[in-house]
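Got a structure for you, questions after.
What follows draws every value from the coordinates through simple rules; no lab data is involved. Please read these numbers as outputs of a predicted model, since none were measured by experiment. Here the Cβ is made from the backbone with ideal geometry for all residues, glycine too, and neighbour counts use every protein chain on show.
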Amino acid sequence: MNLILFFNGWGMDKTLVNHLPLPKNYHLKIINYPYKIEKIKESYKKIIYVGYSFGVYYLAKFLSKSHIHFSKAIAINGTPEIIGKYGISPKIFRKTFNELSEDSIQIFFKTMVVSENFQKPSKTMEELKIELESLMINYQPQTNCFNQAFISERDKIIPSKRQIAYFQEKNITISKISSGHYPFSVLNSWEKIIRAYLYPIICYNV
């Protein structure tokens, strides 16, 4: 048995990816804020690490601190430098934090360009604010640990151009997605996300 370890985005819960079918012989473990992992009890043959949005940053942080030997880490619409030149501008980040409200969250979902599969996560306003504040206070750019990146061409949350610039500088394989920040209407199965790992001799276009 193999494992996909998925680091989720800001304010999200398991409903974000619950609709994605898993390949045969794979388990899925979803890591939400505060991104703490209990010891993985089962002995897995392979573990594939996937981060989405803020989860890309927190996955990079986890892998750098854990010194884990891994063969595949995949970034989706995020970078290890999530605030600044390669991510969200500090000004926009502070404005999002200061003006957080039910209305601003609805605007955020709209800007993500979610699909009919998207279910509003069961997070309170206080929980959302705590997540943002934690990153704002503790933020430190992380080193790259990814060898594949999916980037949505119409991402307005974490601007596509900034993501592309980051991963191009690192010489990381980039697959562009025709979507907004919410990519799971295109990446609608885990096989699509990890197939470069499953079938390494075949080249795919998303």
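From Glu99, Glu126, Glu133, which residue is farther than 22 Å from Arg154 by Cα and touching a helix residue (DSSP H, G or I) at 6+ places or on another chain (Cβ under 7 Å)? Let's see the steps before the verdict.
On the way: Glu99 fails: touching a helix residue (DSSP H, G or I) at 6+ places or on another chain (Cβ under 7 Å); Glu126 fails: touching a helix residue (DSSP H, G or I) at 6+ places or on another chain (Cβ under 7 Å).
Exactly one residue qualifies, and that residue is Glu133.
Regarding Phe54, is this residue in contact with a Gly (Cβ under 6 Å, 6 or more places away or on another chain) and under 20 Å from Cys145 (Cβ atoms)? Steps first, please.
Working: in contact with a Gly (Cβ under 6 Å, 6 or more places away or on another chain): yes; under 20 Å from Cys145 (Cβ atoms): yes.
So Phe54 passes the test.
Could you please give the count of residues in region 100-120 that are part of a helix (DSSP H, G or I) and among the aliphatic types (A, V, I, L, M)?
Of the residues in region 100-120, 3 are part of a helix (DSSP H, G or I) and among the aliphatic types (A, V, I, L, M).
While we're here: Being free of Cβ contacts under 8 Å to residues at least 60 places away in the same chain, aliphatic (A, V, I, L, M) and under 17 Å from Tyr182 (Cβ atoms) narrows it down to one of Ile88, Ile107, so name that one. I'd like the intermediate steps shown before the answer.
Working: Ile88 fails: free of Cβ contacts under 8 Å to residues at least 60 places away in the same chain.
Answer to the selection: Ile107.
Within region 16-65, track down each residue that is in contact (Cβ under 8 Å) with a residue 24 or more places away in the chain, among the small types (Gly, Ala, Ser) and more than 24 Å from Met112 (Cβ to Cβ). First the steps, then the outcome.
Step one: filter region 16-65 for residues in contact (Cβ under 8 Å) with a residue 24 or more places away in the chain, giving 16-23, 25-35, 37, 40, 42, 44-64.
Going one step further and asking which of them are among the small types (Gly, Ala, Ser), we end up with 51, 53, 55, 60, 64.
Listed by number, the list holds a single entry, Ser64.
Of the residues in region 58-85, how many are aromatic (Phe, Trp, Tyr) and over 23 Å from Ser179 (Cβ atoms)?
Here is the first cut: in region 58-85, the ones aromatic (Phe, Trp, Tyr) are 58, 62, 70.
Filter once more, so that each one left must be over 23 Å from Ser179 (Cβ atoms): 62, 70.
Looking only at that region, the number is 2.
Residues are listed down the side, and each one gets a yes or a no for (1) among the aliphatic types (A, V, I, L, M); (2) at positive phi; (3) buried (at least 18 other Cβ atoms within 10 Å of the Cβ):
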{"site": "Glu102", "(1), (2), (3)": "no, no, no"}
{"site": "Phe108", "(1), (2), (3)": "no, no, no"}
{"site": "Met125", "(1), (2), (3)": "yes, no, no"}
{"site": "Ile130", "(1), (2), (3)": "yes, no, no"}
{"site": "Cys145", "(1), (2), (3)": "no, no, yes"}
{"site": "Ile158", "(1), (2), (3)": "yes, no, yes"}
{"site": "Asn171", "(1), (2), (3)": "no, yes, no"}
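Does any residue of region 10-17 turn out to be farther than 21 Å from Ser175 by Cα, in contact with a Ser or Thr (Cβ under 9 Å, 6 or more places away or on another chain) and β-branched (Val, Ile, Thr)? Give the derivation first.
Our first condition is that a residue be farther than 21 Å from Ser175 by Cα; within region 10-17, this holds for 10-15.
From what is left, the residues that are in contact with a Ser or Thr (Cβ under 9 Å, 6 or more places away or on another chain) are 10, 12-13, 15.
From what is left, the residues that are β-branched (Val, Ile, Thr) are 15.
The answer is yes; a qualifying residue exists.
Could you identify the single residue in Ser175, Ser185 that is surrounded by 15 or more Cβ atoms within 10 Å (Cβ to Cβ) and either not in a loop (DSSP other than H, G, I, E, B) or not polar (S, T, N, Q) (or both)? Break it down stepwise before answering.
Details: Ser185 fails: either not in a loop (DSSP other than H, G, I, E, B) or not polar (S, T, N, Q) (or both).
Being surrounded by 15 or more Cβ atoms within 10 Å (Cβ to Cβ) and either not in a loop (DSSP other than H, G, I, E, B) or not polar (S, T, N, Q) (or both) holds for just one of Ser175, Ser185, which is Ser175.
For region 4-29, what are the residues that are crowded, with 18+ Cβ neighbours inside 10 Å, of a type in the set (Val, Ile, Thr) and within 27 Å of Glu126 (Cα to Cα)?
Listed by number, the list holds a single entry, Val17.
So which residues in region 87-99 are surrounded by fewer than 21 Cβ atoms within 10 Å (Cβ to Cβ) and either on the phi > 0 side of the Ramachandran plot or in a loop (DSSP other than H, G, I, E, B) (or both), if there are any at all?
Ser89, Glu99
Looking only at region 134-171, filter to residues that are in contact with a strand residue (DSSP E or B) (Cβ under 8 Å, 6 or more places away or on another chain), polar (S, T, N, Q) and assigned to a helix (DSSP H, G or I); which one of those is farthest from Gly11 (Cα to Cα)?
Gln168
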